1. State which residue is nearest to the chain's Cα centre (by Cα) when the search covers only the stretch 206-220 and only residues that are surrounded by 14 or more Cβ atoms within 10 Å (Cβ to Cβ) and of a type in the set (Val, Ile, Thr).
2. Could you list, in sequence order, all residues of the stretch 88-110 that are under 23 Å from Gln200 (Cβ atoms) and loosely packed, with under 15 Cβ neighbours inside 10 Å?
3. With respect to Arg190, is the statement that it is of a type in the set (D, E, K, R), in a helix (DSSP H, G or I) and at pLDDT below 90 true?
4. So if I check each of Val191, Val203, Val182, which one is under 15 Å from the mean Cα position of the chain (by Cα), crowded, with 20+ Cβ neighbours inside 10 Å and among the β-branched types (Val, Ile, Thr)?
5. Does Val113 meet the test of being loosely packed, with under 13 Cβ neighbours inside 10 Å, farther than 26 Å from Gln200 by Cβ and of a type outside the set (Lys, Arg)?
6. Output the number of the condition that Ala165 fails; it satisfies all remaining conditions of (1) farther than 21 Å from Gln137 by Cβ; (2) in contact with a Gly (Cβ under 8 Å, 6 or more places away or on another chain); (3) assigned to a loop (DSSP other than H, G, I, E, B).
7. Could you check how many residues of the stretch 230-256 are part of a helix (DSSP H, G or I) and either outside the structural domain of Ser152 (by TED's automatic domain parsing) or under 31 Å from the mean Cα position of the chain (by Cα) (or both)?
8. Quick test of your reading of the structure: Ile223 fulfils all but one of (1) in contact (Cβ under 8 Å) with a residue 40 or more places away in the chain; (2) closer than 17 Å to Ala100 by Cα. Name the failing condition by number.
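The values are calculated or read from the model by the stated rules, or taken from the named source; none is laboratory data. Given the structure is predicted, the values throughout are model-derived calculations rather than measurements. Don't worry about glycine lacking a Cβ; one is built from the backbone with ideal geometry, like all the others, and counts go over all protein chains shown.
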Amino acid sequence: MFITARRYSTQSCSAAILHSVYRRVVLGVARSSFQRNGLQGFIKRKTSSYVSTLLSNPSKLTFKWRCMVSQRQETQAGTGNLLDFLNLINDSTKYIVTLAAGGVLVWHHDIYVSWCLLGSVVAVYVCKVLKRAINMQRPAYARKQDPGMPSSHASSLAYLAVYLAIAWKPAQPALAFTGLLVAAFLIPLRVILGYHSIPQVLVGAILGAVSAGGWNTLGQHLIHPVLKSNPSCRQLLAAATLAAVMCYMVTAFRSK
């Protein structure tokens, strides 16, 4: 591999030197020829010379191009593993988040967790409804063909990160900051990997963050006091959250 890299580097340097010499010679000849015979004669002679050279020895004209193609292929091969790794992270995110949410709901099903998870599912389906209503297509290079405005992945990640940051900031600021960093890393992958445009991801992230703030405020000032004093309401919230999470899990695992 090292020998191959040195060979391509040597070829690239040689091609660059030849290209520089070629430009100096040709431009000098072209300038003097143009001054003597005018534009029409210059174009005729250079076209004839180019065609003759191409027919007699095409490799002289294609050497630099072949070096550039080789370097391009090496670059693509080098970044291929990185893109595969990023794709793996992106594809597994929804499964990890969904399973983690289900596990937290089962093992720690208090009113705060239930209210947070119910809000996340509500935000996802609001985002999906907006997608159908706005009906803005994804970019031409996108891997999917369904509407993409706003990005539901960006909305979900932003919702969870912002909601947990609000909840954890007083007691565990390091965890709150870590959650925001993870979301800031995962959300741009939707653009990098060709699923959404930048505006679609930005709108989705803003929608998720605003939903998290509003849902948290609604819970603290209106819902939580009612739930603490009414056991039947707590049971209703737990049942609604479980049904919503199960519905989302089925949808997530069925979608590609």
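1. That would be Ile206.
2. So the first thing to find is which residues in the stretch 88-110 are under 23 Å from Gln200 (Cβ atoms), and the list is 88-98.
Leu88, Ile89, Asp91, Ser92, Tyr95, Ile96 - these are the residues of the stretch 88-110 that are under 23 Å from Gln200 (Cβ atoms) and loosely packed, with under 15 Cβ neighbours inside 10 Å.
3. Details: of a type in the set (D, E, K, R): yes; in a helix (DSSP H, G or I): yes; at pLDDT below 90: yes.
Yes.
4. Values: Val191 fails: crowded, with 20+ Cβ neighbours inside 10 Å; Val182 fails: crowded, with 20+ Cβ neighbours inside 10 Å.
Being under 15 Å from the mean Cα position of the chain (by Cα), crowded, with 20+ Cβ neighbours inside 10 Å and among the β-branched types (Val, Ile, Thr) holds for just one of Val191, Val203, Val182, which is Val203.
5. On the way: loosely packed, with under 13 Cβ neighbours inside 10 Å: no; farther than 26 Å from Gln200 by Cβ: yes; of a type outside the set (Lys, Arg): yes.
The answer is no for Val113.
6. Going through (1) farther than 21 Å from Gln137 by Cβ; (2) in contact with a Gly (Cβ under 8 Å, 6 or more places away or on another chain); (3) assigned to a loop (DSSP other than H, G, I, E, B) one by one, Ala165 breaks only (3).
7. Taking the stretch 230-256 first, the residues part of a helix (DSSP H, G or I) are 231-254.
Restricting the remaining residues to those that are either outside the structural domain of Ser152 (by TED's automatic domain parsing) or under 31 Å from the mean Cα position of the chain (by Cα) (or both) gives 241-254.
Of the residues in the stretch 230-256, 14 are part of a helix (DSSP H, G or I) and either outside the structural domain of Ser152 (by TED's automatic domain parsing) or under 31 Å from the mean Cα position of the chain (by Cα) (or both).
8. With (1) in contact (Cβ under 8 Å) with a residue 40 or more places away in the chain; (2) closer than 17 Å to Ala100 by Cα applied to Ile223, the lone miss is (2).
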